[in-house]
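A.B. asks: Have a look at the structure that comes next, please.
The values are calculated or read from the model by the stated rules, or taken from the named source; none is laboratory data. Since this is a predicted model, take the numbers as computed values, not measurements. Quick reminder, even Gly has a Cβ in these numbers, built from the backbone with ideal geometry, and neighbours come from all protein chains shown.
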Amino acid sequence: MIGRRPYALFALMAFGYAFLYGPIVSLIVFSFNENKLVTVWSGFSTKWYGELLRDQQILDAAFVSLRVATLTACFAVALGTLAGFCLARFRRFRGRTLFTGMVTAPLVMPEVITGLSLLLLFVALEDMIGWPAGRGVTTITLAHITFSMAYVAIIVQSHLTGMDESLEEAALDLGAKPAKVFLVITLPIIAPALVSGWLLSFTMSLDDLVIASFVSGPNSSTLPMVIFSKVRLGVSPEINALATIIVLVVTTGILLSGWVLLGQEKRRKRDEQLAAAANL
């Protein structure tokens with residue numbers, strides 16, 4: 001029985017990966033299907049990619065989603081880093097419990113509640129101060145920043161908690177100002193967390209459907225909203241082609257980020273070895 005356990009675990013793992021990635025592989029294969037029916041293979045063709053590039057609705061929605069996701073990721077990293085730094089470095093201050101609850105609330109709040117509450121907030125602000133004027137890219141971006149920065153804050157806080165604070169203390173003892181210590185020492189050390197937070201925020205914003213449906217306007221449909229409206233009438237080969245492009249872009253981004261993080265880790269270990277050799 002003991003010798004058979006690895007085979008059983010391998011079989012379960014293979015089944016799990018096949019269950020997860022089998023439909024994705026099938027979707028990619030049928031994106032090159034000549035037939036309009038997505039379940040009937042009739043020959044290899046790339047014509048649906050051409051049809052996709054001529055679909056102005058999808059192109060406009062993709063541009064809106066990319067713009068919103070980029071802005072969301074940048075602002076979420078900036079605000080989430082500040083929140084995570086406060087939680088990690090200032091362990092005792094008045095209102096910490098309330099601040100922690102406000103930062104982490106979007107992590108557990110249902111998307112329907114978040115979207116509805118933000119919609120009511122934007123309507124009330126428009127009535128009181130006239131901003132934002134209607135629903136559109138601005139309101140979608142603000143809504144996505146609201147929940148994305150919570151994930152960045154948790155990632156940065158966990159990274160700072162495991163960081164050796166003696167490096168910062170040594171720099172302060174040598175006369176460096178706190179702002180310079182943060183920029184020169186702390187920021188490069190937590191750079192992998194910032195990259196991870198940026199990619200996570202970008203992905204979550206690009207993938208969001210529920211919250212965007214509440215706070216979007218008639219001329220600001222995101223790509224998930226357009227895809228959902230088209231899929232309700234049946235999956236078309238154009239959607240398969242679009243999904244294939246998204247999978248390719250995401251895979252490329254993951255590989256590039258992994259390569260960058262691996263290079264940073266190698267440089268960090270090399271610097272530690274040089275520092276240890278210099279101290280001997």
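A.B. asks: Any idea which of 84, 136, 130 is surrounded by 14 or more Cβ atoms within 10 Å (Cβ to Cβ), farther than 21 Å from residue 213 by Cβ and not aliphatic (A, V, I, L, M)?
C.D. replies: 84
A quick yes/no check of all residues on (1) closer than 28 Å to residue 39 by Cβ; (2) surrounded by 15 or more Cβ atoms within 10 Å (Cβ to Cβ):
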position	(1), (2)
216	no, yes
219	no, no
222	yes, yes
225	yes, yes
228	yes, no
237	yes, yes
241	yes, yes
254	no, no
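A.B. asks: Looking at this structure, is residue 59 under 26 Å from residue 213 (Cα atoms), free of Cβ contacts under 8 Å to residues at least 40 places away in the same chain, part of a helix (DSSP H, G or I) and in contact with a helix residue (DSSP H, G or I) (Cβ under 8 Å, 6 or more places away or on another chain)?
C.D. replies: Spelling it out, residue 59 is indeed under 26 Å from residue 213 (Cα atoms), free of Cβ contacts under 8 Å to residues at least 40 places away in the same chain, part of a helix (DSSP H, G or I) and in contact with a helix residue (DSSP H, G or I) (Cβ under 8 Å, 6 or more places away or on another chain).
A.B. asks: Examine segment 123-131 for a residue that is under 25 Å from the mean Cα position of the chain (by Cα) and either at pLDDT 90 or above or more than 19 Å from residue 216 (Cβ to Cβ) (or both), and state whether such a residue exists.
C.D. replies: No, segment 123-131 has no match at all.
A.B. asks: Which number in (1) surrounded by fewer than 13 Cβ atoms within 10 Å (Cβ to Cβ); (2) touching a residue at least 40 places away in the same chain (Cβ under 8 Å); (3) among the charged types (D, E, K, R) marks the one condition that residue 51 misses?
C.D. replies: Among (1) surrounded by fewer than 13 Cβ atoms within 10 Å (Cβ to Cβ); (2) touching a residue at least 40 places away in the same chain (Cβ under 8 Å); (3) among the charged types (D, E, K, R), the lone unmet condition for residue 51 is (1).
A.B. asks: Please go through segment 199-210 and pick out each residue that is crowded, with 22+ Cβ neighbours inside 10 Å and part of a helix (DSSP H, G or I).
C.D. replies: Of everything in segment 199-210, those that are crowded, with 22+ Cβ neighbours inside 10 Å and part of a helix (DSSP H, G or I) turn out to be 201, 202, 205, 206.
A.B. asks: Ok, one more. Scan segment 9-20 and give yes if some residue there is loosely packed, with under 11 Cβ neighbours inside 10 Å, within 22 Å of the chain's Cα centre (by Cα) and more than 23 Å from residue 142 (Cβ to Cβ), otherwise no.
C.D. replies: Yes, there is a match, as at least one residue in segment 9-20 is loosely packed, with under 11 Cβ neighbours inside 10 Å, within 22 Å of the chain's Cα centre (by Cα) and more than 23 Å from residue 142 (Cβ to Cβ).
A.B. asks: Would you point out the residue of segment 87-118, among those that are charged (D, E, K, R) and surrounded by 12 or more Cβ atoms within 10 Å (Cβ to Cβ), that is nearest to residue 148 (Cα to Cα)?
C.D. replies: Per the stated criteria, the residue is 111.
A.B. asks: Within segment 144-178, count every residue that is in a helix (DSSP H, G or I) and either hydroxyl-bearing (Ser, Thr, Tyr) or under 28 Å from the mean Cα position of the chain (by Cα) (or both).
C.D. replies: Within segment 144-178, residues that are in a helix (DSSP H, G or I) and either hydroxyl-bearing (Ser, Thr, Tyr) or under 28 Å from the mean Cα position of the chain (by Cα) (or both) number 19.
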